[in-house]
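The values are calculated or read from the model by the stated rules, or taken from the named source; none is laboratory data. Remember, it's a predicted structure, so these values are computed and weren't measured experimentally. Cβ: placed from backbone, ideal geometry, glycine included. Neighbour counts: every protein chain shown.
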């Protein structure tokens with residue numbers, strides 16, 4: 001129990017009202033004793049009764065103050081949980097909100113990155129409000145562009161309230177309209193309209209977040225230490241960062257290259273905008289990780305991550321980006337230090353937990369890896385974190401737990417691909433999850449689709465090799481594995497730890513292939 005929970009159940013408020021009413025009664029009794037010449041014992045008895053009743057009033061407030069339903073029970077212990085409802089939707093008994101993708105009402109459809117970006121910023125801001133459950137981006141964006149009653153959508157997402165809105169841009173002028181709807185009754189809890197300039201975009205985000213929190217009667221304060229906001233000196237730089245983020249999520253080579261170009265443009269406009277440098281560092285390092293033949297991007301990522309940290313030494317994202325680049329440069333100890341610092345600065349930082357989980361997995365520390373992947377998944381719904389969490393459990397021999405997590409990984413990958421149907425890595429992880437769940441033919445179809453989407457991705461070929469290994473086709477698996485290595489995949493330690501390749505361990509071609517992989521590539525990902 002903490003003070004925040006007492007406030008949520010309105011115990012202090014009830015105590016205040018009770019004491020105020022009691023004081024008024026005592027004042028009245030003093031007047032009545034003098035006016036009607038009553039015994040002074042009347043006041044003493046009244047005080048005793050009020051003191052006697054106070055604990056019962058507080059107990060009544062505690063039991064009945066949570067009008068939204070019973071509080072959630074304790075979290076299940078690590079190793080036994082499957083993250084509850086795999087849809088990611090919070091239970092209806094909790095204060096919860098789904099932020100639907102804001103509609104783009106601008107004349108140009110190109111401005112969709114702005115409406116999507118504002119929606120994501122609000123999801124991230126509200127996720128930091130204690131006592132408020134926020135439906136994940138993947139789940140809410142699956143409803144983008146789909147007509148339907150907001151109450152039905154809210155129920156499908158498991159949210160007690162839904163925030164919807166629109167963004168209209170004309171030059172540098174913005175009109176943002178929002179409304180918060182109670183799912184049970186359909187009543188509007190709050191609405192707002194903001195006619196501002198692009199320069200005010202951060203203020204708009206803060207005002208909407210604060211108003212939503214107040215409407216839902218939760219304390220609008222951050223969990224732990226609030227990550228410092230990095231605002232550019234020129235709003236055009238933020239505009240390019242939003243464009244970069246839109247393409248960054250797609251993980252295709254052309255998309256990552258375009259995202260990197262957008263972040264570069266933001267840096268040209270505002271060289272001291274740390275968030276733009278963080279984006280550039282991630283884009284370059286991911287390009288090198290997924291497409292090892294791309295030249296010079298890791299060197300640029302190194303420079304951008306160093307500069308981001310100089311500009312924002314207290315930014316968890318800057319530390320995480322620096323750790324990711326160091327991880328790609330095989331400086332594992334230094335990478336761990338950066339990831340740990342990022343987690344200290346921000347309890348909800350995703351990348352630090354995810355990539356540290358990758359390090360632990362390839363070190364053979366599978367239980368630690370599983371825990372880190374679970375924590376990453378709590379911070380953000382992500383198909384790779386879900387999949388590798390299942391793999392870590394498979395490596396530990398936790399068959400039943402692994403199967404539950406493969407089901408979760410499959411569901412998360414399916415939701416992701418509803419929004420990103422051309423993501424080859426999601427397709428391969430979907431394929432392997434299907435095979436682990438016994439749906440071999442479906443898995444094979446998704447693996448073939450992944451190869452068609454992006455045959456140049458070495459990681460895709462590696463994951464298809466895993467699928468063939470699970471299907472007991474060792475020669476086809478090793479053929480794909482050789483193609484992956486020839487394309488640049490070279491994480492020897494990951495290959496040694498991957499439970500999907502267990503059937504190949506004693507195959508002469510496999511042993512020869514693993515022995516041929518040099519140390520220089522061991523920081524690249526599958």
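If we scan region 85-95, do we find a residue that is modelled with pLDDT of 60 or more and in contact with a strand residue (DSSP E or B) (Cβ under 9 Å, 6 or more places away or on another chain)? The answer is yes, given that some residue of region 85-95 is modelled with pLDDT of 60 or more and in contact with a strand residue (DSSP E or B) (Cβ under 9 Å, 6 or more places away or on another chain). Hey, can you tell me all the residues within region 486-507 that are free of Cβ contacts under 8 Å to residues at least 40 places away in the same chain, crowded, with 16+ Cβ neighbours inside 10 Å and assigned to a helix (DSSP H, G or I)? Selection gives 492, 495, 501, 503, 504.
Pick out the one residue from 357, 364 that is crowded, with 24+ Cβ neighbours inside 10 Å and outside the structural domain of residue 126 (by TED's automatic domain parsing).
After applying the criteria, what remains is 357.
In the set (1) under 23 Å from residue 489 (Cα atoms); (2) without any contact (Cβ under 8 Å) to a residue 12 or more places away in the chain; (3) assigned to a helix (DSSP H, G or I), residue 336 fails one condition alone, (2). State whether one or more residues within region 464-473 are more than 20 Å from residue 437 (Cα to Cα), over 29 Å from the mean Cα position of the chain (by Cα), assigned by TED's automatic domain parsing to the domain that holds residue 429 and in a helix (DSSP H, G or I). Taking every residue of region 464-473 in turn, none turns out to be more than 20 Å from residue 437 (Cα to Cα), over 29 Å from the mean Cα position of the chain (by Cα), assigned by TED's automatic domain parsing to the domain that holds residue 429 and in a helix (DSSP H, G or I).
Rundown of residues vs (1) touching a helix residue (DSSP H, G or I) at 6+ places or on another chain (Cβ under 6 Å); (2) under 20 Å from residue 411 (Cα atoms), yes/no style:
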| residue | (1), (2) |
| --- | --- |
| 440 | no, yes |
| 447 | yes, yes |
| 464 | yes, yes |
| 475 | no, no |
| 488 | yes, no |
| 509 | yes, no |
| 515 | no, no |
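The residues in region 120-138 that are within 19 Å of residue 203 (Cα to Cα) and in contact with a helix residue (DSSP H, G or I) (Cβ under 8 Å, 6 or more places away or on another chain) can be counted, and the count is 7.
For region 271-281, check the following and say yes or no: at least one residue is crowded, with 24+ Cβ neighbours inside 10 Å, closer than 25 Å to residue 487 by Cα and either over 21 Å from the mean Cα position of the chain (by Cα) or outside the structural domain of residue 423 (by TED's automatic domain parsing) (or both). Yes - at least one qualifying residue is present in region 271-281. The condition (being modelled with pLDDT under 95 and buried (at least 18 other Cβ atoms within 10 Å of the Cβ)) is satisfied by just one residue among 304, 328: 328.
The set of residues in region 367-381 being under 23 Å from residue 142 (Cβ atoms), free of Cβ contacts under 8 Å to residues at least 60 places away in the same chain and surrounded by 23 or more Cβ atoms within 10 Å (Cβ to Cβ) consists of 373, 376. Filtered by the rule that a residue be at pLDDT 90 or above and either part of a helix (DSSP H, G or I) or not assigned by TED's automatic domain parsing to the domain that holds residue 405 (or both), region 425-439 gives 426, 427, 428, 429, 430, 431, 432, 433, 434, 435, 436. Only one of the listed residues (322, 341) is more than 25 Å from residue 250 (Cα to Cα) and free of Cβ contacts under 8 Å to residues at least 60 places away in the same chain. That residue is 341.
State all residues of region 126-148 that are touching a strand residue (DSSP E or B) at 6+ places or on another chain (Cβ under 8 Å) and part of a loop (DSSP other than H, G, I, E, B); if no residue qualifies, say none.
Passing the criteria: 127, 132, 135.
Name the residue, out of 392, 465, 447, that is crowded, with 24+ Cβ neighbours inside 10 Å, in contact (Cβ under 8 Å) with a residue 12 or more places away in the chain and under 30 Å from residue 145 (Cα atoms).
Residue meeting the stated conditions: 447.
Each residue in region 114-156 was checked for being more than 21 Å from residue 183 (Cβ to Cβ) and surrounded by fewer than 19 Cβ atoms within 10 Å (Cβ to Cβ), and 2 of them qualify.
Of all residues assigned to region 353-366, none qualifies as being closer than 15 Å to residue 500 by Cβ and within 20 Å of the chain's Cα centre (by Cα). Going by what's in this entry, would residue 456 be described as over 26 Å from the mean Cα position of the chain (by Cα), in the same structural domain as residue 473 (by TED's automatic domain parsing) and either part of a helix (DSSP H, G or I) or at pLDDT below 90 (or both)? When the stated conditions are applied, residue 456 passes them.
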